[in-house]
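Step one of this worksheet: look at the structure below.
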Amino acid sequence: NAGVTQTPKFQVLKTGQSMTLQCAQDMNHNSMYWYRQDPGMGLRLIYYSASEGTTDKGEVPNGYNVSRLNKREFSLRLESAAPSQTSVYFCASSEWGYTFGSGTRLTVV
Amino acid sequence: QKEVEQNSGPLSVPEGAIASLNCTYSDRGSQSFFWYRQYSGKSPELIMFIYSNGDKEDGRFTAQLNKASQYVSLLIRDSQPSDSATYLCAVNPRNTDKLIFGTGTRLQVFP
């Protein structure tokens, strides 16, 4: 019963580097989400996907792109990382109420 | 005005006491309300949800919803040190399956 699996758990990037955060869920949920969590800011929605083949911007989409590869997988890409993207990233899926992955702690130096 | 507001705390209560956590929201048409618990360095986990006015009880937890006043609260009875965590309130606005989160209230239960 894996639920929502995120990789990697930790990552350090240099400014300007790119990377993709992977997320997969095995609960057959239609909806998937990417959030970032920063001290004092709470969880803020970056992008979400209501179903396979659809994606929509959330509250803070700038600097990110997403791909809903299939029903199970929803990836988040940073094309040119900036220090402002240092954060903890959570993927979640839902039918009703969210199940979160374990998070990716990203540091951009 | 933030869409979902919580007092950041910390809220400190002695072991065995009732902890009361509050949350207000701005969208009067919001439909569903959730409480998540997040331990330091971990991901949020769902502990309660409510969508009708009134109280909903689950073990030591009671969620209370008042749509007219636009607030939702979480009561934790017989608080334990293991309840020490940040509690996130989340609201499902109308016509969407997204959740809007508050910034969380840090609860400390001391022995």
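Every number in this text was worked out from the coordinates using simple rules, so none of it is lab data. As the structure is a computational prediction, the values presented were derived from the model and not from experiment. Cβ coordinates were reconstructed from backbone atoms using ideal geometry, including for glycine residues, and neighbour counts include every protein chain displayed.
Quick look at the values:
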{"quantity": "Evaluated over the stretch A:20-109, the Cα radius of gyration and Dmax, each in Å", "calculated": "12.3, 37"}
{"quantity": "B:GLU15 long-range amide H proximity, modeled H, under 5 Å", "calculated": "B:PHE110"}
{"quantity": "Fewest-first ranking of B:SER8, B:SER79, using other Cβ atoms within 10 Å as the exposure measure", "calculated": "B:SER8, B:SER79"}
{"quantity": "Kirkwood Rh and Cα Rg combined as Rg over Rh, evaluated for chain B", "calculated": "0.96"}
{"quantity": "Reachable lysines from A:LYS9, criterion Cα separation under 28 angstrom, eight or more residues apart if same chain", "calculated": "A:LYS57, A:LYS71, B:LYS42, B:LYS98"}
{"quantity": "For B:SER32, distant residues with modelled amide H under 5 Å away", "calculated": "B:ASN92"}
{"quantity": "Positive-pole candidate from A:SER87, A:SER49, A:PHE100, dipole of the stretch A:44-107, charges at beta carbon", "calculated": "A:SER87"}
{"quantity": "Net dipole in debye of the stretch A:1-91 [+1 Lys, Arg Cβ; -1 Asp, Glu Cβ; about Cα centre; nearest 20]", "calculated": "140"}
{"quantity": "In Hz, Karplus ³J(HN,Hα) per residue of the stretch A:2-9 (6.51, -1.76, 1.60; θ = phi - 60°; x = Gly, Pro)", "calculated": "6, x, 10, 10, 10, 9, x, 8"}
{"quantity": "Net dipole in debye of the protein assembly as shown [+1 Lys, Arg Cβ; -1 Asp, Glu Cβ; about Cα centre; nearest 20]", "calculated": "420"}
{"quantity": "Rg over Rh, two decimals, the protein assembly as shown (C-alpha only, Kirkwood Rh)", "calculated": "0.98"}
{"quantity": "Neighbourhood net charge (9 Å Cβ-Cβ; Lys/Arg +1, Asp/Glu -1) for A:TYR89", "calculated": "+2"}
{"quantity": "HN-Hα J in Hz across the stretch B:8-15 - Karplus 6.51, -1.76, 1.60, θ = phi - 60°, x for Gly and Pro", "calculated": "6, x, x, 9, 10, 9, x, 4"}
{"quantity": "Amide H contacts under 5 Å for A:GLY58, placed H, 5+ residues apart", "calculated": "A:TYR47, A:TYR48"}
{"quantity": "In sequence order, calculated HN-Hα J values of the stretch B:48-61 (Karplus, 6.51, -1.76, 1.60; Hz; x Gly/Pro)", "calculated": "8, 9, 8, 9, 10, 4, x, 10, 9, 10, 8, x, 7, 9"}
{"quantity": "Mean Cα-pair separation over length for chain B, i.e. relative contact order, pairs under 8 Å, 6 or more apart, %", "calculated": "38"}
